[in-house]
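Chemist: Structure incoming, see below.
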Amino acid sequence: MGYVRCVNASSPGRIVLLTTSHRVAPGLLSWPAWQALHGADRVLCADGAHPQLPYLREAGVQVDETAPTAEELIDACDGGRTVTVVATGEGEPRLTDGLARLAGSGRVQMPDLELLPASYDLPGARLLDLVQVMDRIRAECPWSSQQTHKGLAKYGIEEAYELVEAIEEGDRHELREELGDVLLQVVFHARIAEEDEEEPFSIDDVAGGIVTKLIHRHPHVFGDETASTPEEVKEHWLRTKAVEKQRTSVTEGIPLGQPGLALAAKLASRVRTAGLEVPLPQGDDVGYELLAMAVRAEARGVDPEAALRAAARAYRDAIRAGES
């Protein structure tokens, strides 16, 4: 349905409050928004530096740079006129509060009021806010501006463990918060990487790299191959990964600094996936016993690290019960 302007001397008129998202490129407005702009008797904007103004004027929309009061805006609608207000980033709270006050008084014949979103955030739009906030923190915070990749490394490990704990505890609130903390580590490191003199890269390079990797490793989604089971998906993944990495050993790429049980399980998984027959090393030390247990757990589809944490939590609860 089109936006139709109808002037009637007895009509109180119409006010259209046009909101836009700063996360969407200026000028990319919805069709109803353009109709409202071109069909209005007046278009007002309180912010002379509003990013939309050059594009509106280029499209032939005359915009008056003014910040009317609620009373003045109602007067501008007298005679059935339509006034479209291009809202600032704050959403014009002073103006909307004033209109609400007048409407509640019952003493004023109010124009028709319409809130018209002219552009909407796409999924992931708040990530742009995070990047902007990180830019400012890096530039202005005395602590953040001095951080390095090495200095932040320990926080990445801590946040990853806290995320795992939130998952295992089943706490949805904590899960969302910890995911944010992990995401912060990614954005923080990417921001630091922009300043490297020899090999700089940005968060866009990080995101672009993982997008390319995901597309390449999912030919059954983005290509011509087919996969109907999780096992077939894993085969595709391992095959394309092997071509990419060109590794000479199944142990390459396994971080040795991870917890021991997780390391043992990862090595066992690589051996099993590759179809190798490798006997476990023998020894009298308890470490060899733990290695054998981790390998058996992995073969049964059990994460030995998670299993031990679950048992440790039970032990913790028993300790607390004993203390009471």
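The values are calculated or read from the model by the stated rules, or taken from the named source; none is laboratory data. Computed from a predicted model, the values in this text were never measured in an experiment. Every residue, glycine as well, gets a Cβ built from its backbone with ideal geometry; the counts of neighbours run over all protein chains shown. Please note that ligands, DNA and RNA were not included when accessible areas were found on the heavy atoms of the full protein model with its side chains. Shrake-Rupley method; radii C 1.70, N 1.55, O 1.52, S 1.80 Å.
Chemist: Does ARG239 satisfy the criteria of being open to solvent by 60 Å² or more (accessible area, probe 1.4 Å), assigned to a helix (DSSP H, G or I), within 24 Å of PRO219 (Cα to Cα) and among the charged types (D, E, K, R)?
Modeler: Yes.
Chemist: Yes or no: the range 284-291 includes at least one residue that is within 29 Å of LEU130 (Cβ to Cβ), part of a loop (DSSP other than H, G, I, E, B) and open to solvent by 80 Å² or more (accessible area, probe 1.4 Å).
Modeler: No: zero hits.
Chemist: Moving to a separate point now. Within the range 256-283, which residues are hydroxyl-bearing (Ser, Thr, Tyr) and open to solvent by 40 Å² or more (accessible area, probe 1.4 Å)?
Modeler: Hit for the range 256-283 is THR273, nothing else.
Chemist: Same structure again: For the range 124-137, indicate whether the set of residues that are surrounded by 13 or more Cβ atoms within 10 Å (Cβ to Cβ) and over 21 Å from HIS22 (Cβ atoms) is non-empty.
Modeler: Within the range 124-137 (the criterion being surrounded by 13 or more Cβ atoms within 10 Å (Cβ to Cβ) and over 21 Å from HIS22 (Cβ atoms)), the answer is no, since none of the residues qualifies.
Chemist: Show the residue pairs meeting these rules: Cβ distance below 6 Å; 6+ apart or different chains; first residue within the range 19-43 and at positive phi; second residue open to solvent by 40 Å² or more (accessible area, probe 1.4 Å).
Modeler: That search, which allows pairs on different chains as well, returns GLY27/TYR55.
Chemist: Where the second residue is among the hydrophobic types (A, V, I, L, M, F, W, C) and outside any loop (DSSP other than H, G, I, E, B) and the first is within 20 Å of THR273 (Cα to Cα) and lies in the range 217-239, which pairs have Cβ atoms under 6 Å and are six or more apart or on separate chains?
Modeler: Within 6 Å, the pairs are ARG217/TRP237; ALA227/VAL233.
Chemist: Also, I was wondering about something else. For residues that are of a type in the set (Ser, Thr, Tyr) and at pLDDT 90 or above, scanning just the range 68-95, find the one that is farthest from GLN35 (Cα to Cα).
Modeler: THR69
Chemist: Something else about it: Hey, among ALA40, ALA49, ALA67, ALA25, which residue is exposed (fewer than 14 other Cβ atoms within 10 Å of the Cβ), more than 30 Å from VAL206 (Cα to Cα) and of a type outside the set (S, T, N, Q)?
Modeler: ALA49
Chemist: What is the number of the single condition among (1) of a type outside the set (Ser, Thr, Tyr); (2) at pLDDT below 95; (3) surrounded by 12 or more Cβ atoms within 10 Å (Cβ to Cβ); (4) out of contact with any helix residue (DSSP H, G or I) (no Cβ under 8 Å at 6 or more places or on another chain) that ALA160 does not meet?
Modeler: All conditions pass for ALA160, except number (4).
Chemist: Looking only at the range 166-193, count how many residues are over 24 Å from ALA207 (Cβ atoms) and either basic (Lys, Arg) or in contact (Cβ under 8 Å) with a residue 24 or more places away in the chain (or both).
Modeler: 2
Chemist: For ALA312, all conditions in the list (1) within 25 Å of ALA160 (Cα to Cα); (2) open to solvent by 90 Å² or more (accessible area, probe 1.4 Å); (3) of a type in the set (Gly, Ala, Ser) hold save one; what is the number of the exception?
Modeler: For ALA312, the exception is condition (2).
Chemist: Checking the condition under 28 Å from ALA311 (Cβ atoms) and in contact with an Asp or Glu (Cβ under 8 Å, 6 or more places away or on another chain), which residue from GLU177, GLU159 passes?
Modeler: The unique qualifying residue is GLU159.
Chemist: Quick one: THR148 ticks every box in (1) of a type outside the set (Asp, Glu); (2) touching a residue at least 24 places away in the same chain (Cβ under 8 Å); (3) open to solvent by less than 60 Å² (accessible area, probe 1.4 Å) except a single one, so which number is it?
Modeler: Single failed check for THR148: (3).
Chemist: Working carefully through the options VAL233, VAL278, VAL286, VAL271, find the one that is under 24 Å from GLY209 (Cα atoms) and of a type in the set (A, V, I, L, M).
Modeler: Sole residue among the options that is under 24 Å from GLY209 (Cα atoms) and of a type in the set (A, V, I, L, M): VAL233.
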